[in-house]
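The values are calculated or read from the model by the stated rules, or taken from the named source; none is laboratory data. Just so it is clear, the model here is predicted, and its values are computed rather than measured. Cβ atoms come from the backbone with ideal geometry, glycine included; neighbour counts cover every protein chain shown. Note: areas computed on protein heavy atoms with side chains; ligands, DNA, RNA excluded. Shrake-Rupley method; radii C 1.70, N 1.55, O 1.52, S 1.80 Å.
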Amino acid sequence: MTQHHDDGEGISRRHALECMIWAGTGVLWTVSGGVPVSLNLLGAAEAAEAQASGFTFLQISDSHIGFDKAANPHAIDTLKEAIGKVKALPAKPAFMIHTGDITHLSKAAQFDNADQIIGGTGLDVHYVPGEHDVIDEGNGRAYIERYGKNAKGAGWYSFDQNGVHFVGLVNVVNLRAGGLGNLGAEQLAWLADDLRAVSASTPIVVFAHIPLWTVYADWGWGTEDSTQALALLKRFGSVTVLNGHIHQIMQKVEGNITFHTARSTAFPQPAPGTAPAPGPMTVPAGQLRSLLGITDVAVRNGGQELAIIDSRLSDA
Amino acid sequence: MTRTSISRLLACALVAGGSTLLLPETGHAADAPRVRIENFSFEPQTLTVKAGTTVVFENDDDIPHLVVADDKSFRSKALDTGDTYAFTFSKPGDFAYFCGLHPHMRGKIAVSP
Ligand SMILES: [Cu+2]
């Protein structure tokens, strides 16, 4: 289990602080003015207290239903295991978010299987699409018909829960040759409008499939117009950005914004630059479940800080 | 890369078995120039052919890819492992294309008269 405690006040006082958690190694490091410093980890007791006084929500990502290659011939089974972990959580989450790549090939049967398994939690689920969810004949129509009833454009929307403003963004459509993920002018205009009425003290959670910061441009792991979205989020005291796509945990704190990517429930991908290309990574039997997992996020009442707690499928 | 060579061989076997079914009737599967998609790149990155040539794109990766012309003049469906897409380049010129799912992947078909 990897835990990260984001102390909003401490971070805003520091200049250009960054921290990252690398999946598999469990190493947490920060850089402040070029000097690595360790961050406080959220203790189990603190996590429990946060859950008692606030609420939690659950993030799953990259379930890739339909994937059956060597890296995980049974992606459907590992999603079932992940959902089993959600059901077994001591504190019931208020809802779930799924940060995309629900399916592998946008097929109706794959969406059906995902819905049936994820629906087993009985929780509300807020989805955003991954690029694998918009490759049906209609270039995303299947996704919108299923999940986009209350959404705008290609499937973006916002909602409020216990004083936290949540924004689901879509950065996997209309991709440009040579580019990265893309939000587009229409969505950015909507975002500016959506945030206008939200007070600066309201905690914001933004979620989208592809990371909204550049993790590794050579592999397309970033969003080309994310700086415009992040500029709109600058005035808020606490912003948490949750992404998927890269199938590993990566975290960065910059000013008021904490970026975090979740593990997949289907298959791992290599760490940036450690392989000729991204894509499904086949690991020795017995290691797969230590590289797959779910993410639990605790929000304290009246507090700005969110605790992000990743757990592996292999965790007891 | 930790992908096993067995999966690579399997993927190639699937390509060999499936490609003829997906080719247009006028195409010659064995003769058609090919662009192979492997490790998130198009091989060869630039392919030179004569006008009127049908080019076959085949996906040998464990992840789908999608071939799209920069000028939108052609666009494949999502190609799963082993799938192929054939397009006939009738006009001379340079046709740049990219992957609609992973747009950092780029290639070019140079069509001579
Ligand atoms: Cu691709």
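On the basis of being open to solvent by 40 Å² or more (accessible area, probe 1.4 Å), away from the ligand (no atom under 15 Å from the Cβ) and not in a strand (DSSP E or B), does B:K108 make the cut? If you could, list the steps in order and put the result at the bottom.
Values: open to solvent by 40 Å² or more (accessible area, probe 1.4 Å): yes; away from the ligand (no atom under 15 Å from the Cβ): yes; not in a strand (DSSP E or B): no.
No; evaluated as a whole, the condition is false for this residue.
So that you can scan it fast, the table gives a plain yes or no per residue for (1) more than 27 Å from A:A91 (Cβ to Cβ); (2) of a type in the set (V, I, T):
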position	(1), (2)
A:L233	yes, no
A:M250	no, no
A:S290	no, no
A:V299	no, yes
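Given (1) out of contact with any Asp or Glu (no Cβ under 6 Å at 6 or more places or on another chain); (2) open to solvent by less than 10 Å² (accessible area, probe 1.4 Å); (3) touching a residue at least 24 places away in the same chain (Cβ under 8 Å), where does A:R235 come up short, assuming only one miss?
It is condition (2) that A:R235 fails.
Give the range A:73-94 a look and list any residue that's open to solvent by less than 10 Å² (accessible area, probe 1.4 Å) and in a helix (DSSP H, G or I), or say none. I'd like the intermediate steps shown before the answer.
Let us first name the residues in the range A:73-94 that are open to solvent by less than 10 Å² (accessible area, probe 1.4 Å), namely A:75, A:78-79, A:82-83, A:86, A:93.
Once the filter is applied, which keeps residues that are open to solvent by less than 10 Å² (accessible area, probe 1.4 Å) and in a helix (DSSP H, G or I), the range A:73-94 yields A:A75, A:T78, A:L79, A:A82, A:I83, A:V86.
Being within 16 Å of the ligand (Cβ to nearest atom) and open to solvent by 20 Å² or more (accessible area, probe 1.4 Å) is the filter here; which residues of the range B:82-99 pass it? Even if it seems obvious, please write down each step before you answer.
Residues of the range B:82-99 that are within 16 Å of the ligand (Cβ to nearest atom), as a first pass: B:82-85, B:96-99.
Result: B:D83, B:Y85, B:A96.
Just need a number here: residues in the range A:143-169 that are open to solvent by 30 Å² or more (accessible area, probe 1.4 Å), farther than 22 Å from A:A185 by Cβ and among the aliphatic types (A, V, I, L, M).
0
Of all residues in the range A:176-227, which are charged (D, E, K, R), more than 27 Å from A:R263 (Cα to Cα) and open to solvent by less than 40 Å² (accessible area, probe 1.4 Å)?
Quick first cut of the range A:176-227, residues charged (D, E, K, R) only: A:176, A:186, A:193-194, A:196, A:218, A:224-225.
The next check asks that each one be more than 27 Å from A:R263 (Cα to Cα); those that pass are A:186, A:193-194, A:196.
Scanning the range A:176-227 gives a single hit, A:D194.
Only one residue in A:S158, A:S63 is farther than 24 Å from A:L291 by Cα, of a type in the set (S, T, N, Q) and within 20 Å of the chain's Cα centre (by Cα). Which one? So that I can check it myself, show each step before the final result.
Values: A:S63 fails: farther than 24 Å from A:L291 by Cα.
Checking each option against the conditions leaves just A:S158.
Just to be sure, is A:D218 more than 12 Å from chain B (Cβ to nearest Cβ) and under 28 Å from A:A275 (Cβ atoms)?
Details: more than 12 Å from chain B (Cβ to nearest Cβ): no; under 28 Å from A:A275 (Cβ atoms): yes.
No, not satisfied.
So in the range B:36-74, with the set limited to residues that are away from every other protein chain (no Cβ under 13 Å) and surrounded by 21 or more Cβ atoms within 10 Å (Cβ to Cβ), which one is nearest to the ligand (Cβ to nearest atom)?
Ranking the qualifying residues of the range B:36-74, first place goes to B:F57.
Is it fair to say A:Q287 is within 11 Å of chain B (Cβ to nearest Cβ), at negative phi and buried (at least 23 other Cβ atoms within 10 Å of the Cβ)?
On the way: within 11 Å of chain B (Cβ to nearest Cβ): yes; at negative phi: yes; buried (at least 23 other Cβ atoms within 10 Å of the Cβ): no.
Considered against the rule, which asks whether it is within 11 Å of chain B (Cβ to nearest Cβ), at negative phi and buried (at least 23 other Cβ atoms within 10 Å of the Cβ), A:Q287 comes out as no.
Based on this model, can you work out whether B:A78 counts as surrounded by fewer than 20 Cβ atoms within 10 Å (Cβ to Cβ) and within 8 Å of chain A (Cβ to nearest Cβ)? Full working, then the answer.
Numbers: surrounded by fewer than 20 Cβ atoms within 10 Å (Cβ to Cβ): no; within 8 Å of chain A (Cβ to nearest Cβ): yes.
No; evaluated as a whole, the condition is false for this residue.
Looking at this structure, is A:Q228 assigned to a helix (DSSP H, G or I) and of a type outside the set (K, R)? Working first, answer last.
On the way: assigned to a helix (DSSP H, G or I): yes; of a type outside the set (K, R): yes.
When the stated conditions are applied, A:Q228 passes them.
If we keep just the residues of the range A:193-210 that are in a helix (DSSP H, G or I) and under 17 Å from A:S238 (Cα atoms), which is farthest from the other protein chains (Cβ to nearest Cβ)? Before the answer, list the steps.
Step one: filter the range A:193-210 for residues in a helix (DSSP H, G or I), giving A:193-196.
Going one step further and asking which of them are under 17 Å from A:S238 (Cα atoms), we end up with A:194-196.
On the way: A:D194: 27, A:L195: 28, A:R196: 31 Å.
Per the stated criteria, the residue is A:R196.
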